[in-house]
Amino acid sequence: MSRTLAHISDLHIGRDDATDHAARRIVEALLAARVDDVLLTGDVTHRGRREELARFERVFAPLLEQGRLLVVPGNHDRMGDDAARGLMRGGRVAVTARPGIYIVRLDSTAPHNRSLIDGHGEVTPQDVADVEVALADAPPGSLTVLMLHHHVLPLPVEDLAERLATLIGLPSADELPLGEDLLSRILGRCQLVLHGHRHVPAEFHVAGSRAAPMRILNAGCTTQLGRARLLAHASGEVVWEGWLATERIAPRAWTPTPRPVTVAAAVA
Ligand SMILES: [Fe+2]
């Protein structure tokens, strides 16, 4: 029997009315499609405000009440009233095991994210070790997924603000400094790495010399794009995938072309 999961990210609830409307439309689509698990990889709120968090909880109440939504915080959630504290509790690494799927959540935010211009992520060597240990406990026959907000591999600069930030030496558009190390440690134990932060979707296929390949998927900004990636899985393998579309607020050509990457596998 197959189950479905949807990956959404960077909702930025509270940015404007159009964004909040798009979030409502996404929830309607997720409910209509009866998606089993919805994985939300951060920047749930636009400025980390308490009222933005409350709005998110109202809009996503049907999914939250049924336990179908899993969230990691993003850098924007650390601003304002630190909405991140209401999005993920119990430490920086958390495990959720459900029938046919094993999900590890990693909080890649840090106190520096309280400043708008310091949006880059942080993953410590302890975080990497904790994720590796968590994934080692995945039962056979489960789809193994790592969720985090920040990107683990370099991505092109997307807009003028990022270009300026990069020019003056701010690291907000940079990949996680331990990103490739993290991938090398979990290659062979994890099938999907889901993230956001950068608003243009991307996809990498990561291979090592001895380990099974791993996919790195960036959802981009779901409320701007108006669609979410949908995957069906059975017996620990993805058996179908497509897109769950709502109306588009800012249409753009964005379907990512997978890019191959090779890292040294620490596990096999
Ligand atoms: Fe974002």
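Observations
- Here the scattering of region 90-149 is modelled by Debye summation over its C-alpha atoms, one equal scatterer each and no solvent; at q = 0.19, 0.30 Å⁻¹ the log10 of I(q)/I(0) is -0.70, -1.23.
- Charge dipole (debye, nearest 20) of the chain; +1 at Cβ of Lys and Arg, -1 at Cβ of Asp and Glu: 460
- The solvent-accessible area of H120, taken with every protein chain present and a 1.4 Å probe, is close to 40 Å².
- Value of Rg to Rh for region 110-237, rounded to two decimals, is 0.98; Kirkwood radius and Rg both from alpha-carbon coordinates.
- Computed FRET value (nearest 0.05) for L160 with V95, which takes r as the C-beta separation and R₀ as 35 Å: 0.30
- What the Cα convex hull of region 14-126 gives, in volume per residue, is 106 Å³.
- Rounded to the nearest 10 Å², the accessible area of E52 at probe 1.4 Å: 0
- Based on Cα contacts under 8 Å between residues 6+ apart, region 100-176 shows a relative contact order of 42 percent.
- Tail weight of P(r) past 22 Å, computed on alpha-carbon pairs of region 174-247, percent: 31
- The chain, relative contact order in percent, only Cα pairs under 8 angstrom and at least six apart counted: 21
- On a per residue basis, the chain carries 42 Å² of accessible surface, using protein heavy atoms and a 1.4 Å probe.
- The residues E241, E65, sorted by heavy-atom accessible surface at 1.4 Å with ligands and nucleic acids left out, run E65, E241 from largest to smallest.
- Ligands, DNA and RNA aside, R15 has an accessible area near 70 Å² when probed at 1.4 Å.
- At R0 = 30 Å, FRET efficiency that the Cβ-Cβ distance of M1 and R259 yields, to 0.05: 0.35
- Region 57-181 pair-distance distribution - Cα-Cα, 10 Å bins, rounded %: 12, 37, 34, 15, 2
- At R0 = 30 Å, FRET efficiency that the Cβ-Cβ distance of V238 and L167 yields, to 0.05: 0.15
- The chain: calculated mean residue ellipticity at 222 nm from DSSP helix runs of at least 4, using -39500 (n - 2.57): -6500 deg cm²/dmol
- With every protein chain in place and a 1.4 angstrom probe, the accessible-area ranking of M214, M1, largest first, reads M1, M214.
- Distance from region 185-243 to region 104-180 (C-alpha centre basis), Å: 15
- Two numbers describe the Cα atoms of region 130-183: Rg and Dmax, which are 15.5, 47 Å.
- For the chain, the carbon plus sulfur part of the accessible surface works out to 53%, probe radius 1.4 Å.
- In the calculated pair-distance distribution of the chain, the portion above 29 angstrom amounts to 25 percent of the Cα-Cα pairs.
The values are calculated or read from the model by the stated rules, or taken from the named source; none is laboratory data. Keep in mind the model is a prediction, meaning the values are calculated, not measured. Note that each Cβ is placed from the backbone with ideal geometry, even for glycine, and that neighbours are counted across all protein chains shown. The protein model used for the area step is the full one, side chains on, heavy atoms only, and it has no ligands, DNA or RNA in it. Shrake-Rupley method; radii C 1.70, N 1.55, O 1.52, S 1.80 Å.
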